[in-house]
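Here is the structure we will look at, set down as structure tokens.
The values are calculated or read from the model by the stated rules, or taken from the named source; none is laboratory data. No experiment lies behind these values; they were computed from the predicted model shown. Cβ sites come from the backbone with ideal geometry, for glycine too, and all protein chains shown count toward neighbours. Heads up: the accessible areas ignore ligands, DNA and RNA and are worked out on the full protein's heavy atoms, side chains in. Shrake-Rupley method; radii C 1.70, N 1.55, O 1.52, S 1.80 Å.
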4 protein chains.
Amino acid sequence: MTLTLEEHAAMQAQIMAAIPHARAIGIEVLGVEGRTCVARVPFRDDLVGDPESRIIAGGVVTTLLDHIGGSAVAVALREFRSIATLDLRIDYMRPAAPGTGVTAEAECTKITRSVAFIRAVAYDQTKDDPVATAVGVYMLGAEP
Amino acid sequence: MTLTLEEHAAMQAQIMAAIPHARAIGIEVLGVEGRTCVARVPFRDDLVGDPESRIIAGGVVTTLLDHIGGSAVAVALREFRSIATLDLRIDYMRPAAPGTGVTAEAECTKITRSVAFIRAVAYDQTKDDPVATAVGVYMLGAEP
Amino acid sequence: MTLTLEEHAAMQAQIMAAIPHARAIGIEVLGVEGRTCVARVPFRDDLVGDPESRIIAGGVVTTLLDHIGGSAVAVALREFRSIATLDLRIDYMRPAAPGTGVTAEAECTKITRSVAFIRAVAYDQTKDDPVATAVGVYMLGAEP
Amino acid sequence: MTLTLEEHAAMQAQIMAAIPHARAIGIEVLGVEGRTCVARVPFRDDLVGDPESRIIAGGVVTTLLDHIGGSAVAVALREFRSIATLDLRIDYMRPAAPGTGVTAEAECTKITRSVAFIRAVAYDQTKDDPVATAVGVYMLGAEP
């Protein structure tokens, strides 16, 4: 069964909303545009990395980037196959502004029979001034 | 001021215990042995990545690896300088066993004037059968 | 001394032409456009990775990506400081076509006081269908 | 057909000796011990990265690490399947000493049905003081 892009995006948002750790961090899927997925973690005091600075923790940014990367693969696949992160590299350009949440966009850049590559960016204000970027490879489960 | 290894390890554990996001996830510093730091995230239902499998989320493993990597740098430095993750690569070997927490060990493999390299491993049972491994580079702040 | 972009690009091409290993592989700097550098390795039989397939070796692609990444940093700096690769990640999307050379483009995405981040892509036909992509961090020497 | 470790190691050395780019750089396979492969690039003037320093180029070190990583996978597999680098991360700890060659050791740390993980280290004098380290993932072709 191949779904429409809209059906897939809607399901993807539901799947992510059902992941306990994504829910615990407060990840919100904002949308899907073509092969790009966008999600957001609103600021919360318990997501902070350093109590004095009130800057969101690096681990939260990484978790968001990994989730949105997997979502971009899921949307690009447009069929149900298991997706597991094989490896992920994150580059931390600068800390987020204090007291602000982080938005992330991911794009699936290449799919082969068994793996998919993604590229993602996390930012507090605009995509052109990233907090962090990521590249990763996801392993795809057996074709249905 | 240069601290003894024990003083440093104790302070490091205190610093980590004060990081809101590390506390929210439940990271416990287990100890320092030479240049190696060990920490643990006990299993909790809200840390799960997939509600059916009860397997701890990849993001939690990554956050633990990043924290313990930074701790290994802090211990290796033995003086107070700011430490920021510059980049991190995580390889996910296999999912953790359902319903189990994850332990991670990190070692600072090289320190230069301005950066430090780490290597880390996360596992559920033994270090020889890792859930994930990480390598990363941390930027060091100005010398005191 | 701050050079014009053109002066810098010209010098950069000269510097690269003077690197024995870059010369041995046959790297040609094609040009600089804004913050983007482009270089090329023409096909040669001794650069092949597999004698039957006549596909250019992965190591040649990596060497090209690392060189062009360093060049993008040099151009973005616009002053003379030493530049050393700190770490580099390469994702290999697909083999190059048999008997063809490889072109690479790199962009310096962020410069801080002591490090610079790059993103690069290598392709045989068009940038939209890459052979490999790279992200990396370069360490900058003391300011002059 | 499953080969003995010795047969495999011998074939592996032959295969690598047949790779034009490996031969052009002068890679010599030194041996296989358990799951670890060792190879070497002797110093040569045309492998230098900077004509003044006579330090071997980063690209040569990377090429050696990638080759030896693939060899470690081949030896660990002990059957003939195609092996392609999926991604590779290299951390450059320090330049090699001027006028010296580089030795590299790689170990296959995990094999799944379709991918293999490696860890490798390159050094001029001893393994404990590396010039560079690498981690990577290799894609395995269909089982024979």
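What does the buried accessible surface come to for D and C, summed over both chains, with the probe at 1.4 Å? Round to 100 Å².
When D and C are taken together, about 1900 Å² of accessible area is lost.
Apply the a/c threshold of 1.5 to the C-alpha gyration tensor of the protein assembly as shown and tell me whether it is rounded, prolate or oblate.
rounded
Using only alpha-carbon positions, what ratio does the radius of gyration of segment D:1-128 give when scaled by 2.2 N^0.38 Å?
In units of the globular-protein estimate, segment D:1-128 measures up at 1.05.
How large is the charge dipole for segment D:1-132, taken about the Cα centre, if only the Cβ atoms of Lys, Arg (+1) and Asp, Glu (-1) carry charge, to the nearest 20 debye?
400
With a ≥ b ≥ c taken as the square roots of the eigenvalues of the C-alpha gyration tensor of segment C:103-144, please select rounded if a/c is under 1.5 and otherwise prolate if a/b is larger than b/c or oblate if it is not?
prolate
How far, in degrees from 0 to 90, does helix A:58-77 lean away from the longest principal axis of the Cα atoms of chain A, to the nearest 10?
Computed tilt is about 20 degrees.
Mind checking which of B:Arg113, B:Arg40, B:Arg78 has the largest fluctuation in a GNM of chain B, springs on alpha carbons under 10 Å?
The residue that fluctuates most here is B:Arg113.
Leaving out ligands and nucleic acids, note down the accessible area per residue over the protein assembly as shown with a 1.4 angstrom probe, in whole Å².
Solvent-accessible surface per residue comes out at 40 Å².
State the antiparallel share, in %, of DSSP beta bridges confined to chain D, rounding to the nearest 5.
If we restrict to bridges inside chain D, about 100 percent are antiparallel.
Find the Cα radius of gyration of segment D:42-110, compare it with 2.2 N^0.38 Å by division, and give the number to two decimals.
1.29
By how many degrees, between 0 and 90 and to the nearest 10, does the Cα long axis of helix A:5-17 differ from the longest principal axis of chain A?
Rounded to the nearest ten degrees, it is 50.
Considering chain D as a Gaussian network with a 10 Å cut-off on Cα pairs, which listed residue, D:Thr112, D:Thr63, D:Thr85, attains the greatest mean-square fluctuation?
Looking only at D:Thr112, D:Thr63, D:Thr85, the biggest GNM fluctuation is shown by D:Thr112.
Give, ordered by residue number, each residue of segment A:123-144 whose 1.4 Å probe accessible area is reduced by a minimum of 50 Å² on adding the remaining protein chains to the chain alone.
A:Val135
Which percent of the accessible heavy-atom area of the protein assembly as shown goes to carbon and sulfur, probe 1.4 angstrom?
That fraction is 52 percent.
How large is the dipole of segment A:18-73 about the Cα centre if only Lys and Arg carry +1 and Asp and Glu carry -1, each at its Cβ, rounded to the nearest 20 debye?
Once rounded to the nearest 20, the dipole reads 200 debye.
Would you tell me the accessible area of D:Asp128, worked out with a 1.4 angstrom probe on the heavy atoms of the protein chains, in Å² to the nearest 10?
Here the accessible area works out near 140 Å².
Quick one: how many Å² of A:Lys127 are accessible to a 1.4 Å probe, rounded to 10?
Surface accessible to solvent at A:Lys127 totals approximately 100 Å².
Rounded to the nearest 500, what is the 222 nm mean residue ellipticity of the protein assembly as shown from helices alone, with -39500 (n - 2.57) per DSSP H run of 4+ residues and division by all residues?
Helix contribution divided over all residues of the protein assembly as shown: -8500 deg cm²/dmol.
Determine the shielding of peptide A:14-24 by partner chains: average, over its residues, the number of Cβ atoms on other chains within 10 angstrom of each Cβ.
Neighbouring Cβ atoms belonging to other protein chains average 5 per residue here.
Choose one of C:Ser53, C:Gln125, C:His67: the residue whose Cα lies farthest towards the positive end of the charge dipole of chain C (beta-carbon charges +1 Lys, Arg; -1 Asp, Glu; about the Cα centre).
The residue sitting farthest along the positive end of the dipole is C:His67.
In whole Å, how far is the Cα centre of segment C:120-144 from that of segment A:46-73?
Using only Cα atoms to place each centre, the spacing works out to 26 Å.
In sequence order, what are the phi-derived ³J(HN,Hα) couplings for segment D:28-41 according to the Karplus relation 6.51 cos²θ - 1.76 cosθ + 1.60 with θ = phi - 60°, rounded to whole Hz, with x for glycine and proline?
Values, residue by residue: 10, 6, 8, x, 10, 9, x, 9, 10, 10, 10, 9, 8, 10 Hz.
Which whole-number percent gives the relative contact order of chain D, counting Cα pairs below 8 Å spaced six or more residues apart?
Relative CO of chain D lands at 24 percent.
Please name the residues of segment A:92-116 whose accessible area, counted over protein heavy atoms with a 1.4 angstrom probe, falls by no less than 20 Å² between the chain alone and the full protein assembly.
A:Tyr92, A:Met93, A:Lys110, A:Ser114, A:Val115
What residues qualify as long-range amide H neighbours of D:Ala57, i.e. H under 5 Å apart, gap of 5 or more or another chain, H built at 1.01 Å from N?
Those lying under 5 Å, H to H, from D:Ala57 are D:Val48, D:Gly49.
For chain C, modelled as a Gaussian network with Cα springs under 10 Å, which listed residue fluctuates most, C:Ala22, C:Ala104, C:Ala96?
Ranking C:Ala22, C:Ala104, C:Ala96 by mean-square fluctuation puts C:Ala22 first.
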